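Novice: This structure is in structure tokens; I'll ask about it shortly.
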Amino acid sequence: MPTVGEILRSEREKKGLSIKDIEKATSIRVLYLEAIEADNYNVIPGEVYLKGFIRNYANCLKLDSQSVINLYHQSKASATSEAESANESKSDQPSSGRQADGTDSQNGKKSKLIVVGAAAIILIGSLLWAIGNRNTVPQQAPDPKPAPMAPVVPSQPAVPNPPITDKPAAQAKPIIVNAKYTDSCWTLVIADGKEIYEGIPKIGDTLTWEAQDNLSVQFGNARGVEITHNGQYLGKLGGKGEVIKKNFKAAK
């Protein structure tokens with residue numbers, strides 16, 4: 001079965017496109033494109049970016065991006081299963097007879113020492129118990145003395161505590177982020193722990209996202225988007241083809 005990298009490279013070559021052509025169309029660096037075609041995923045900075053790059057590359061070649069992503073998941077699961085099987089086969093190999101004999105001999109010596117030690121402890125305990133019972137003379141306990149009576153103090157009525165009024169907690173200001181796209185840029189947005197957007201907006205689009213506590217945005221081409229946070233213009237967060245992740249937290 002062909003791999004993800006083989007399919008993408010084959011389709012690119014069929015269309016007569018170079019790696020530079022794909023970089024220009026997707027804003028994905030040549031380094032990452034070559035790594036994907038070689039199925040060398042260790043170069044990609046994280047699983048989320050990797051799947052975004054594969055999806056973007058497949059869309060650029062007019063392929064079914066979801067089918068390519070599914071193939072990536074299958075190849076990853078197959079590689080994990082093969083690695084686990086190899087580890088199990090190594091752990092199942094028997095050790096040498098000499099080591100087994102030595103271990104049995106040591107276990108036998110330890111067992112004998114444990115039995116002898118336990119017998120000695122039981123014998124010593126029995127002797128001490130017999131000597132203690134022989135020398136013990138029962139003593140009669142003295143008659144208990146009556147306890148003195150405590151003076152009776154009249155109880156005072158409890159004074160009720162004044163009611164405690166809770167002060168209303170100040171509500172945190174919501175997080176609002178605006179993104180204006182000047183170039184093609186893969187984007188992932190997570191608001192308060194939930195993914196609310198993943199895709200490649202059109203050039204000229206302006207998107208707005210909102211969260212209460214935390215807003216995380218990731219860009220595959222930081223130079224292709226201008227950011228404004230709660231009315232403050234931050235501009236472009238990085239260079240062309242640079243992968244950037246930015247977290248925004250609510251002000252307490």
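Novice: On a full-extension model of 0.36 nm per residue, what is the gain between I176 and N247, subtracting their alpha-carbon distance, rounded to one decimal in nm?
Specialist: 24.4 nm
Novice: Counting only pairs 8 or more places apart or on different chains, how many lysine pairs in region 4-85 have C-alpha atoms closer than 21 Å?
Specialist: Value for region 4-85: 10.
Novice: Averaging sequence separations of C-alpha pairs under 8 Å and six or more residues apart, then dividing by the length of region 4-85, give the relative contact order as a whole percent.
Specialist: 29 percent
Novice: May I pose another question? Which value in nm describes the separation of the simple spin-label points at D39 and H73, placed 7 Å from the Cα toward the beta carbon?
Specialist: Result: 1.9 nm between the two label points.
Novice: Given the Cα-Cα distance of Q66 and I203 and 0.36 nm per residue of separation, how much length would full extension add, in nm?
Specialist: That works out to 47.0 nm of additional length.
Novice: First check a/c for region 4-85, with a ≥ b ≥ c the square roots of the eigenvalues of its C-alpha gyration tensor; if it is under 1.5, answer rounded, and if not, answer prolate when a/b is larger than b/c or oblate otherwise.
Specialist: Prolate shape, in that a/c is at least 1.5 and a/b is the bigger ratio.
Novice: Provide the per-residue ³J(HN,Hα) series for region 53-59, in order, calculated from phi with Karplus coefficients 6.51, -1.76, 1.60 and θ = phi - 60°, each as a whole number of Hz, with x at glycine and proline positions.
Specialist: Per-residue couplings from phi come out as 5, 4, 5, 5, 4, 5, 4 Hz.
Every number in this text was worked out from the coordinates using simple rules, so none of it is lab data. These numbers come from a predicted model, not from an experiment. Neighbour counts run over all protein chains shown; Cβ positions are idealised from the backbone, glycine included.
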